[in-house]
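The values are calculated or read from the model by the stated rules, or taken from the named source; none is laboratory data. Fair warning: this is a prediction, and the values are worked out from it, not measured in the lab. Quick reminder, even Gly has a Cβ in these numbers, built from the backbone with ideal geometry, and neighbours come from all protein chains shown. What goes into the accessible areas is simple: the full protein's heavy atoms, side chains included, and nothing from ligands, DNA or RNA. Shrake-Rupley method; radii C 1.70, N 1.55, O 1.52, S 1.80 Å.
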Amino acid sequence: RTTFEVVDGVPQQRIAATLRVPLPMEDLSGLPAADREAQRTAGLYMEARRPWSLSEGPVIRARVWRLDANDHQLIVLMHHIVSDGWSQGLFVRELAALYDAYSHGRPSPLPELPIQYSDFAVWQRQWASSPEFDRQMEYWKAALQDPPVLQLPAVRSAP
């Protein structure tokens, strides 16, 4: 639901009340198998190269290809501003759990979130202006002032 814009030179996030992510489906089931694969691959590349608008969003998009009556493929793309390796793994696990529950007529197995990310961000900003944060920052600045140089075998010597 979040989009990003620059206001007076400062990056800002804007959180919409709702988000509707279009889910176009392309039916390739009427094509010969080789043509289906070529069409799907071309579609994948098209989606991967399509530019993002961080200010307009959404910063996630998806597409489905119907290859035959029982074979569908889904692609989900997320801009790196909202996703990293850890969150992608979490997303895939939760999507798989939701798909399994849905396909068996069960309700969502996922618990309701106790807080939203924006709540965490507020807490993090408050913590970053606390004396404890300053104490820890000073500790790490001092600890990393003169980091040790590891003597590892190398093809070339480090500068």
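Just checking, which of Val82, Val92 is in a loop (DSSP other than H, G, I, E, B) and among the β-branched types (Val, Ile, Thr)? Step through it out loud before you land on a result.
Values: Val92 fails: in a loop (DSSP other than H, G, I, E, B).
Result: Val82 is the single residue among Val82, Val92 that is in a loop (DSSP other than H, G, I, E, B) and among the β-branched types (Val, Ile, Thr).
Can you give me the number of residues within the stretch 36-49 that are over 16 Å from the mean Cα position of the chain (by Cα) and either closer than 26 Å to Gln12 by Cα or open to solvent by 80 Å² or more (accessible area, probe 1.4 Å) (or both)? Even if it seems obvious, please write down each step before you answer.
The initial filter retains those residues of the stretch 36-49 that are over 16 Å from the mean Cα position of the chain (by Cα), namely 36-46, 49.
In the following step, the residues that additionally are either closer than 26 Å to Gln12 by Cα or open to solvent by 80 Å² or more (accessible area, probe 1.4 Å) (or both) were identified as 37, 39, 45-46, 49.
Count: 5.
How about the stretch 1-70: which strands (runs of 3 or more DSSP E) wholly inside it have at least 2 residues that are of a type in the set (A, V, I, L, M)?
Details: elements: 2-7, 10-15, 25-27, 60-68.
Result: 2-7, 10-15, 60-68.
It is to be established whether one or more residues within the stretch 85-101 are within 23 Å of Thr2 (Cβ to Cβ), open to solvent by 80 Å² or more (accessible area, probe 1.4 Å) and either in contact with a helix residue (DSSP H, G or I) (Cβ under 6 Å, 6 or more places away or on another chain) or in contact (Cβ under 8 Å) with a residue 60 or more places away in the chain (or both). Lay out the reasoning, then the answer.
Looking only at the stretch 85-101, we keep the residues that are within 23 Å of Thr2 (Cβ to Cβ), and these are 85-95, 98.
Adding the requirement that they be open to solvent by 80 Å² or more (accessible area, probe 1.4 Å) leaves 86, 88, 92-93.
Imposing the further condition that a residue be either in contact with a helix residue (DSSP H, G or I) (Cβ under 6 Å, 6 or more places away or on another chain) or in contact (Cβ under 8 Å) with a residue 60 or more places away in the chain (or both) reduces the set to none.
No: zero hits.
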Can you name the residue in the stretch 22-35 that is exposed (fewer than 14 other Cβ atoms within 10 Å of the Cβ) and either in contact with a helix residue (DSSP H, G or I) (Cβ under 6 Å, 6 or more places away or on another chain) or of a type in the set (A, V, I, L, M) (or both) and, of all such residues, is farthest from Asp71 (Cα to Cα)? Leu23
Check Pro111 against each of (1) open to solvent by 100 Å² or more (accessible area, probe 1.4 Å); (2) part of a helix (DSSP H, G or I); (3) over 18 Å from Leu23 (Cα atoms) and name the one condition it does not meet. (2)
